[in-house]
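The values are calculated or read from the model by the stated rules, or taken from the named source; none is laboratory data. Note that this is a predicted model, so its numbers are computed, not measured. As a convention, Cβ positions derive from the backbone with ideal geometry for all residues, glycine included, and neighbour counts pool all protein chains shown. Surface accessibility is based on the protein's heavy atoms, side chains included, excluding ligands, DNA and RNA. Shrake-Rupley method; radii C 1.70, N 1.55, O 1.52, S 1.80 Å.
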Amino acid sequence: LLEAVDRASLKHDPYRFLPQVRAGVGQAMGMSLIERLRVDLLAMCICSNHVHFMTGPTRAHVEAIVKCAKDAVRWHLRIDRPIWGAGYDKRFCFDTKAVVNRINYVEEHNLEDGLDARPWTFLKPCAYPH
């Protein structure tokens, strides 16, 4: 039901990240966030129809972080159609347990895709055991 509602609100056909482009998409997104906004990335995954990433503490506004990430991917793929839906989902972590749970959640997506939990070298190590 949720997918049907989401599909009805789409202005364009869904875009899917094919397995052969996901590593490059993640690299482009991660490096743009690090170089342009100076954020520390703690976890990231690129799924076929969405992405998850987690930053460390930052003064950058969530809206700027999301725009930077979306723009980096569009620029990297150089395609002439929209690939992102409007808006985004965000979660804030206010304690160690929430940080560890969120990192585990993102890393599990990578493992389910047959990747290492942390496939990009720019990901900062988590200071908490998980």
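For segment 1-43, the residues whose amide N sits under 11 Å from a probe point set 7 Å from the Cα of Ala86 along the beta carbon direction are 9-11. Element breakdown for segment 62-130 at a 1.4 angstrom probe: carbon and sulfur atoms account for 53% of the accessible area. Sparse packing (at most 13 other Cβ atoms within 10 Å of the Cβ) combined with a DSSP loop state is found for the following trypsin sites (Lys or Arg not before Pro) in segment 17-68: Arg38, Arg59. Enter the angle in degrees (range 0 to 90, nearest 10) between the Cα long axis of helix 96-112 and the first principal axis of the Cα atoms of the chain, meaning the one along which they spread out most. Tilt of helix 96-112: around 50 degrees. Extension gain for Arg7 to Val21 (0.36 nm times residue separation, less C-alpha to C-alpha distance): 2.7 nm. Taking θ as phi - 60° and the Karplus parameters 6.51, -1.76 and 1.60, the scalar couplings of segment 26-31 work out to x, 4, 5, 5, x, 5 Hz in sequence order, x denoting glycine and proline. Placing unit charges on the Cβ atoms of the charged side chains and taking the dipole of the chain about its Cα centre, the candidate lying farthest along the positive direction among Val21, Cys47, Ile65 is Ile65. The phi torsions of segment 32-48, fed into the Karplus equation with coefficients 6.51, -1.76 and 1.60 and a -60° offset, translate into couplings of 5, 5, 5, 6, 7, 10, 6, 8, 8, 9, 9, 7, 7, 9, 10, 8, 5 Hz, rounded to whole numbers, with Gly and Pro shown as x. The charge dipole of the chain, taken about its Cα centre with unit charges on the Cβ atoms of Lys, Arg (+1), Asp and Glu (-1) only, comes to about 420 debye. For the peptides 24-32, 119-127, 45-53, the ranking by packing is 24-32, 45-53, 119-127, with the highest mean count of neighbouring Cβ atoms within 10 Å listed first. Close Lys pairs in the chain (alpha-carbon distance under 25 Å; sequence gap of 8 or more, or different chains): 9. Calculated mean residue ellipticity at 222 nm for the chain: -15000 deg cm²/dmol, from DSSP H runs with n ≥ 4 weighted as -39500 (n - 2.57), summed, divided by the residue count and rounded to 500.
Please find, in a Gaussian network model of the chain (springs between Cα atoms separated by less than 10 Å), the residue of Ile103, Ile34, Ile79 whose mean-square fluctuation is greatest. Checking each option, the largest mean-square fluctuation is seen for Ile79.
Lys/Arg Cβ at +1, Asp/Glu Cβ at -1, dipole of the chain taken about the Cα centre: which of Ser9, Trp75, Leu123 is farthest positive-ward? Of the listed residues, the answer is Trp75.
Surface analysis of segment 1-119 yields an accessible area of 67 Å² per residue, using protein heavy atoms and a 1.4 Å probe. Compared with the alpha-carbon gap, the fully stretched path from Arg74 to Ala98 is longer by 5.6 nm at 0.36 nm per residue. Cα extents for segment 1-54 along the principal axes, largest to smallest and rounded to whole angstrom: 37, 22, 18.
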